[in-house]
């Protein structure tokens with residue numbers, strides 16, 4: 001495992017692909033922008049976990065991953081403060097290569 005220090009958009013912009021797992025548990029307003037930043041490197045079947053999904057600041061994120069047109073299959077996992085479990089289908093995107 002590699003731990004990268006820094007601001008998520010700048011730091012994650014340098015990470016190569018393919019990405020098979022992403023845990024989004026930072027600033028809630030940044031979850032959707034960070035996910036969108038990673039999408040071109042997600043491998044089909046990648047698991048995306050959005051923590052604290054019941055927070056008002058996660059509304060746009062949850063709406064995005066629950067819309068099948070955006071390439072995800074997503075379900076609520078009913079734990080305290082909520083957790084959204086999403087699988088990237090890769091629909092409409094070319095496969096990720098290194």
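A short reminder: the numbers here are calculations on the coordinates, not readings from a lab. Small disclaimer: the values here were computed from a predicted structure and weren't measured. Virtual Cβ from ideal backbone geometry, glycine too; neighbours counted across all protein chains shown.
Just a few scattered comments:
- A Stokes-Einstein calculation at 37 °C with viscosity 0.692 mPa s, built on the Kirkwood radius of the range 12-98 over Cα pairs, returns a diffusion coefficient of 255 µm²/s.
- Value of D in µm² per second that Stokes-Einstein yields for the range 14-60, Kirkwood Rh from Cα pairs, at 4 °C (1.567 mPa s): 116
- Build a GNM of the chain with springs between Cα atoms under 10 Å apart, and of 75, 62, 34 the one that fluctuates most is 75.
- Per-residue Cβ neighbour counts within 10 Å put 61, 72 in the sequence 72, 61, beginning with the fewest.
- With contacts taken as Cα pairs under 8 Å at a separation of at least 6 residues, the chain carries a relative contact order of 29 percent.
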